[in-house]
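Structure record follows, encoded as structure tokens.
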Amino acid sequence: MKNIFEDFFKSLRHHDIEVSIGSEIDALNAVSFIKLENKCHLKQALAATLLKSKNDEYLFNRVFDIFFTLNQTEIGVIKEGNSIEDYNLIEVMNRGDLITLNKLIQEAGRQKGLRKFSSFLQKGNYKIEIMNGIGIKNLDYHIKNLKKNKISLQDEKIINDYENKREQIFSIVGNWVNQQYKLHGEMSAKHLHIDVLYTRDLKKIDRRDAILIKELIAKMVKKLAFKKSNILKTQKNSKINIRRTIHKNVANDGILFNLHWMRNKIDKPKIVILCDVSNSVRVYSIFLLSIVYLLQEIVSNLDAYAFTDRLININHFLTSSSSDEAIHNIMNNIAKNGTNYGQMFADFESKLPSLTRNTTLLILGDARNNGGDANTRILCEAQKKCKKIVWLNPEPENFWNFGDSDMNSYSKYCTKVFECNTLEHLDNLIDII
Amino acid sequence: MKYLYPNHCNTIEATLAALDSTGYIAQEEIATTVFLGIKLEKPILVEGLAGVGKTELAKAIAKFYKVPLIRLQCYEGLDESKALYDWKYGKQLLYTQLLKDKLNKIVEKKEEIDVSIEKIKNYDDIFYSKIFLEPRALYKALTYETGCVLLIDEIDKADQEFEALLLEILSDFQISIAELGTIKAVNKPITIITSNNTREVGAALKRRCLHLHINFPSAELESRILSLHLPDLSSKLNNQIVAFVNSLRDKDLKKPPSVSESIDWAKTLLLLNAENLELNIIKKSLNVLLKYENDILEIKNKLDDILFENNKISK
């Protein structure tokens, strides 16, 4: 019994649902209080103890449905102390005992390490291994003997019957392996794909991966949301403000009747984003803007600007109902003139008074200025006012400072400058913010 | 540490019936989680949109067990002095003034300062004893002999620091007070924590709780809820209200109507002597059901279509 649930916990983890040891213990305790035959109650009990976020509900339901409908017409494993070898497949078949057959398949699957399923190419191999594991060879041998010694039409019928049952077993094993692939293999393949996507240049990412990328970006931002909830705290304590208390109680002949408390201070971080949307960095801007779109739901104090030569506030675009719509509007509404960082910073000068010691200034751009004035003075001014300035350059580091790039001039005033052209880089950015 | 509550909720079905008896018509998953929460002696973190009955659940449990409900409403800036305990500083100061003469007698004028401090040291614990302690909701919940239901409402509005403070209480049902030591629960409270999901609750807190997400009830369940709260409501109007509210929930609204709002709306319609759900009467009372001007305008524009669709389905 415990093995079945342990497999279920592993399947959940495999689908990126976090299951702690404590939750496992709770789940095992919880299922001891309910009737396992009632799948509805079983699902509710496991969900109450293992499912910690509404976002994981869909995945949880999917894993549960696959896991407990494949084979668990009755939840359990073969009798304790028995092994597969103790069961005779021919007898099981003759009894038409599907429950035991399912248990044998599960046990064989476990022994053959089905959880390591990582590619659909392994399906055939696993089918054969499980068929062998449950003792199909004995059945084949039995059929072969019957064929050798057949005398009457009755024998022919028996042989046909056995062959049909063999087909049926093969089909059950096949279905079971397919379901197991959904539980273990699909996710392994997805993980592998994500690993590749993470380090691939964003420019080279295929359109069909767009949804997956969106999911990954949403996950990154969620990570930031949790981090920000730590930062967005009130600096408070309930301590007496001694100076103020003494001062205010002078009138009471120094007797401290009226107490005065430390005041609460709210630490509100601010993020200002300047995003180059010129053609040379367009693809990267789209990814950054999709992060910005999600960020504005978390950070109340966020100012976003886009530029090619002139700086334009894009906050109002970010209120669109979807990130795609917002990005589409931004890209279509910002004039596509030649990039001019000098002019952009000149426009930014009027925004300097709004920067505070809690402001993080993020700039995405290749710093290619078409030979114009770098106007570093403004960035220098911003540096004095901001908490930090982070510059994300989509070009590989080797290309910086070549040709019309002014990266060298700007990097002096930045707290951090880093290459940003893969999902991995964007993920690092979340840590830096 | 005890966990003594009458053993009425021995099965999921019994828990469902128990909640039902208090007037809380629950979905089965709610009953399962409450049943497990009581059996495993674990707090329950209840999430869901505003108005789906999270707070009512705690009230129903308290009503069923006939124990007090202690409610701690969370907000930004809530700290241990407001949630757990505080020292009665005013009383301490008043007592020091009143006992000034006594203190003068203990300390003789001519003696050295260190000798005086040594003498006073024997009395300073008196000023940090239970008579000067102001118990707040969490402290009170731990000290109830009969047990109680502790409702920590809208935890998502409190800060991360406050969540950390709760960890000790939720896992061990005890608190550590520097001056008094560890205070253990006399009878573990049945703890319900609610969240509207305005921010993600910390993983450590989630680990200590069972998790329950309350969705909008099914039409059948909502109809039963309305009948229970408003026995005078005709079944025809009841069905129409439920169908209308459910169709609004499918729309892309800023705040879809919750159960509490459909109850309020039904009350309003009764007051307006409505017998049928008609266009005029809906227009007049839509502000009871929807809370945002944009939502109201949007639905008013689509009202004909919605009613037409609902009528088609009911026919």
Every residue from the range A:365-388 that is in contact with a helix residue (DSSP H, G or I) (Cβ under 8 Å, 6 or more places away or on another chain) and surrounded by 20 or more Cβ atoms within 10 Å (Cβ to Cβ): A:Gly365, A:Asp366, A:Ala367, A:Arg368, A:Asn369, A:Asn375, A:Ile378, A:Leu379, A:Ala382
Count of residues meeting criterion [open to solvent by less than 30 Å² (accessible area, probe 1.4 Å), within 11 Å of chain B (Cβ to nearest Cβ) and assigned to a helix (DSSP H, G or I)] in the range A:2-23: 1
Tabulated pairs, the range A:240-263, first over 21 Å from B:Asp79 (Cα atoms), second hydroxyl-bearing (Ser, Thr, Tyr), C-beta under 6 angstrom, 6+ apart or interchain: A:Leu256/A:Thr245
Those residues of the range A:296-308 which are out of contact with any Lys or Arg (no Cβ under 9 Å at 6 or more places or on another chain) and at pLDDT 85 or above, in sequence order: A:Ala304, A:Ala306, A:Phe307
Criterion (part of a loop (DSSP other than H, G, I, E, B), open to solvent by 10 Å² or more (accessible area, probe 1.4 Å) and not assigned by TED's automatic domain parsing to the domain that holds B:Leu94) met by exactly one of B:Glu179, B:Glu168, B:Glu161: B:Glu179
Matching entry among B:Phe216, B:Phe244, B:Phe308 (being hydrophobic (A, V, I, L, M, F, W, C) and exposed (fewer than 13 other Cβ atoms within 10 Å of the Cβ)): B:Phe308
When residues of the range A:24-63 are limited to those that are among the basic types (Lys, Arg) and assigned to a loop (DSSP other than H, G, I, E, B), the one farthest from the other protein chains (Cβ to nearest Cβ): A:Lys35
Enumeration of residues in the range B:51-80 that are open to solvent by 20 Å² or more (accessible area, probe 1.4 Å), under 14 Å from B:Ile193 (Cα atoms) and among the hydrophobic types (A, V, I, L, M, F, W, C): B:Leu69
The range A:129-155 - residue that is among the hydrophobic types (A, V, I, L, M, F, W, C) and exposed (fewer than 12 other Cβ atoms within 10 Å of the Cβ) and, of those, nearest to the chain's Cα centre (by Cα): A:Leu153
All helices (runs of 4 or more DSSP H) inside the range A:323-410 with 3 or more residues being under 32 Å from the mean Cα position of the chain (by Cα): A:323-333
Residue check, A:Ile314 more than 14 Å from chain B (Cβ to nearest Cβ), modelled with pLDDT of 80 or more and touching a strand residue (DSSP E or B) at 6+ places or on another chain (Cβ under 8 Å): yes
Failed item in (1) open to solvent by 30 Å² or more (accessible area, probe 1.4 Å); (2) in contact with a helix residue (DSSP H, G or I) (Cβ under 6 Å, 6 or more places away or on another chain), with B:Lys2 passing the rest: (2)
Neighbours by Cβ (under 7 Å, 6+ apart or cross-chain): first from the range A:275-286, farther than 16 Å from A:His328 by Cβ; second part of a helix (DSSP H, G or I) and not hydrophobic (A, V, I, L, M, F, W, C): A:Asp276/A:Ser285
Selection within the range A:98-120 - without any contact (Cβ under 8 Å) to a residue 60 or more places away in the chain, open to solvent by less than 40 Å² (accessible area, probe 1.4 Å) and not in a helix (DSSP H, G or I): A:Gly113
Odd one out for B:Thr198, checked against (1) within 13 Å of chain A (Cβ to nearest Cβ); (2) assigned to a strand (DSSP E or B): (2)
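Within the group A:Glu419, A:Glu381, A:Glu397, which residue is within 20 Å of A:Asp303 (Cα to Cα), without any contact (Cβ under 8 Å) to a residue 60 or more places away in the chain and of a type in the set (Asp, Glu)?
A:Glu381 is the lone residue from the list that is within 20 Å of A:Asp303 (Cα to Cα), without any contact (Cβ under 8 Å) to a residue 60 or more places away in the chain and of a type in the set (Asp, Glu).
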So B:Ile225, is it outside any helix (DSSP H, G or I), at pLDDT 90 or above, of a type outside the set (D, E, K, R) and buried (at least 16 other Cβ atoms within 10 Å of the Cβ): no
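Report whether or not B:Leu40 is more than 14 Å from every other protein chain (Cβ to nearest Cβ), in contact (Cβ under 8 Å) with a residue 24 or more places away in the chain and surrounded by fewer than 22 Cβ atoms within 10 Å (Cβ to Cβ).
Values: more than 14 Å from every other protein chain (Cβ to nearest Cβ): no; in contact (Cβ under 8 Å) with a residue 24 or more places away in the chain: yes; surrounded by fewer than 22 Cβ atoms within 10 Å (Cβ to Cβ): yes.
Considered against the rule, which asks whether it is more than 14 Å from every other protein chain (Cβ to nearest Cβ), in contact (Cβ under 8 Å) with a residue 24 or more places away in the chain and surrounded by fewer than 22 Cβ atoms within 10 Å (Cβ to Cβ), B:Leu40 comes out as no.
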Residue within the range B:248-259 that is outside any loop (DSSP other than H, G, I, E, B), more than 15 Å from B:Glu222 (Cβ to Cβ) and open to solvent by 20 Å² or more (accessible area, probe 1.4 Å) present: no
Residue count, the range A:265-296 (criterion: assigned to a strand (DSSP E or B) and open to solvent by less than 40 Å² (accessible area, probe 1.4 Å)): 7
The range A:297-322: number of residues that are within 23 Å of A:Asn370 (Cα to Cα) and either touching a His at 6+ places or on another chain (Cβ under 9 Å) or in a loop (DSSP other than H, G, I, E, B) (or both): 3
Strands (runs of 3 or more DSSP E) completely within the range B:1-116 that count 2 or more residues being in the same structural domain as B:Gln160 (by TED's automatic domain parsing) and over 30 Å from A:Asn249 (Cβ atoms): B:44-47, B:69-73
Cβ pairs under 7 Å, 6+ apart, first in the range B:23-34 and closer than 16 Å to B:Lys59 by Cα, second charged (D, E, K, R) and at pLDDT 90 or above: B:Tyr24/B:Glu56; B:Ile25/B:Arg224
Odd one out for A:Asn358 among (1) open to solvent by 20 Å² or more (accessible area, probe 1.4 Å); (2) out of contact with any strand residue (DSSP E or B) (no Cβ under 9 Å at 6 or more places or on another chain): (2)
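The values are calculated or read from the model by the stated rules, or taken from the named source; none is laboratory data. Bear in mind that the values here come from a model prediction, so they are computed numbers and not experimental data. Neighbour counts are summed over all protein chains in view; Cβ atoms, including those assigned to glycine, are modelled from backbone coordinates with ideal geometry. Remember, those area values only see protein heavy atoms, side chains included, never the ligands or the DNA or RNA. Shrake-Rupley method; radii C 1.70, N 1.55, O 1.52, S 1.80 Å.
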